[in-house]
1. Collect the residues in the stretch 306-348 that are hydroxyl-bearing (Ser, Thr, Tyr) and more than 30 Å from the chain's Cα centre (by Cα), keeping them in residue-number order.
2. Tell me whether the stretch 66-79 contains one or more residues that are without any contact (Cβ under 8 Å) to a residue 24 or more places away in the chain and either assigned by TED's automatic domain parsing to the domain that holds ASN266 or surrounded by fewer than 18 Cβ atoms within 10 Å (Cβ to Cβ) (or both).
3. Just to check your reading of the model, which residue among ILE392, ILE409 is β-branched (Val, Ile, Thr) and touching a Ser or Thr at 6+ places or on another chain (Cβ under 7 Å)?
4. For the stretch 100-110, state whether one or more residues are over 30 Å from THR242 (Cα atoms) and either surrounded by 13 or more Cβ atoms within 10 Å (Cβ to Cβ) or without any contact (Cβ under 8 Å) to a residue 60 or more places away in the chain (or both).
5. Answer yes or no as to whether SER142 is of a type in the set (Gly, Ala, Ser), more than 14 Å from SER204 (Cα to Cα), assigned by TED's automatic domain parsing to the domain that holds SER204 and not in a loop (DSSP other than H, G, I, E, B).
6. Can you pull out the residues in the stretch 75-125 that are of a type in the set (D, E, K, R) and touching a helix residue (DSSP H, G or I) at 6+ places or on another chain (Cβ under 8 Å)?
7. Is it true that SER280 is touching a Leu at 6+ places or on another chain (Cβ under 7 Å) and modelled with pLDDT under 90?
Amino acid sequence: MATFSSLGVGSGLDAESLVSQLMKVERQPITLLDSKESATKAKLSAYGTLRSSIDALKSAADTLSEANKLSAFKTTLGDASIVTATTSGTTSAGTYSINVIRLATSEKRISATNFSGHNEIVGAGTLGITVGGTTTNISLTSATATLSDVKDAINASNAGVTANIITGDSGTKLVLSAKNSGEPVSITATDDNLGDAKDFARLSSFNLVGSAAQTAQVEIDGVLVTSNSNTVSSAIGGITFTLTKLGTTSLTVARDPSTIKTAVENFVKAYNDLQTQAKSLTQYDTNTKTASTLTGDSLVRNVQSQLYEAVSQPLSGLTGVFSRLSDLGISIQSGGKLALDSNKLQKAIDKDFDSVVSVLTGYGGALETKAQQMTTAGGILAGKTESLNGIIKDIGLRRTALEQRMEMIEKRYRAQFTSLDTLIGSMKTTSNYLSQQLANLST
């Protein structure tokens, strides 16, 4: 807005201060809008904080709702340098004797011909590479194709081998390495352009480097298992072995109760963190008589009520020994938070593992559903957030309109004071003139 430092000079009035005070009064509606916007944004931020807590609870409940995440097993090996083992949730407890008889090896072959270098021209031809019974034909059509071109064509062909070039004292050689173990490699080369005076067929002759490809063999409880690689996943359901060296060891597969304990501890913490956050957002300080951002907010009470109902109601349709969270040592305290008795949980796991999983998945699923309903589109939290964003948008539009009106009002005030200033200045001039004339008459 334009300001005029000379305002009031003619009249002697502090017109600039008067305009400023008048505009302060005029701007009160904008000040009220600013306060309303600040309060609305604070609520929006508070709901965002609440949503983060609900999302954290949803994540913890999701873990509880999936049986395979709770029914984990752990492996114990007599000698982990011979073999390692990992499990999935679909295996079973047991003890096994493991005897690694042979490790799988990959085959590598090197050209018998020494070439003069990467750029030696080999001409046009077709290379046939057979890996594990599958043949890939690679054609080079240029009469000026080099050894390096052959290497690049092999690597681009997905033939099951990797090609490299090694240059040593005796010359340059092409090396082919099988990508997978246990698969033999053979090569044929046909010269497709006898007129180019190049012998592409030289690439037919390759020598074996080291040992030939072989499969892995391992005995599990005396049963022979053969594998093309040193990873064996089909022998025992849910167990994947990685063979590392020859030898005999033992494997024990047992339930891993720590998985359930960790999942329950994370769930209890997420639930209690949400309760703590809800209290912080709604509490009222009686000493300072200060309210929090969401003091008295019905949405927060609604969230707490729905979650309490989800953890306190017994589940129907369960056939095991347990049916409530309290049976597993998870109890609701007077302040609304959960408490975990780890000893009681362990005793329940020892007594009926499947029933514990059934209870946890049931309550986990119910809580996950509740949290999902609260935060997704159409849920109570999403609806409230959308409403607050609408209010903020409306305040912005109203403020813009009021700012435009304030500019017009200030211009009007300044025009009025300018006119007053001019009028008073004119009256002063007239007064001075009359005073002078009267003084002349008296003399």
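1. SER312, SER316, THR319, SER323, SER326, SER331, SER334, SER342 - these are the residues of the stretch 306-348 that are hydroxyl-bearing (Ser, Thr, Tyr) and more than 30 Å from the chain's Cα centre (by Cα).
2. The answer is yes; a qualifying residue exists.
3. Going through ILE392, ILE409 in turn, just one is β-branched (Val, Ile, Thr) and touching a Ser or Thr at 6+ places or on another chain (Cβ under 7 Å): ILE392.
4. no
5. Taking the combined requirement at face value, the residue does not satisfy it.
6. Scanning the stretch 75-125 gives a single hit, GLU120.
7. no
This table checks each residue for (1) among the charged types (D, E, K, R); (2) touching a residue at least 60 places away in the same chain (Cβ under 8 Å); (3) not assigned by TED's automatic domain parsing to the domain that holds LYS370; (4) not in a helix (DSSP H, G or I).
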{"position": "SER20", "(1), (2), (3), (4)": "no, no, no, no"}
{"position": "MET23", "(1), (2), (3), (4)": "no, yes, no, no"}
{"position": "LEU32", "(1), (2), (3), (4)": "no, no, no, no"}
{"position": "SER35", "(1), (2), (3), (4)": "no, no, no, no"}
{"position": "ARG51", "(1), (2), (3), (4)": "yes, yes, no, no"}
{"position": "LYS58", "(1), (2), (3), (4)": "yes, yes, no, no"}
{"position": "LEU64", "(1), (2), (3), (4)": "no, yes, no, no"}
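The values are calculated or read from the model by the stated rules, or taken from the named source; none is laboratory data. Note that this is a predicted model, so its numbers are computed, not measured. FYI the Cβ positions are ideal-geometry reconstructions off the backbone, even for glycines, and counts take in every protein chain you see.
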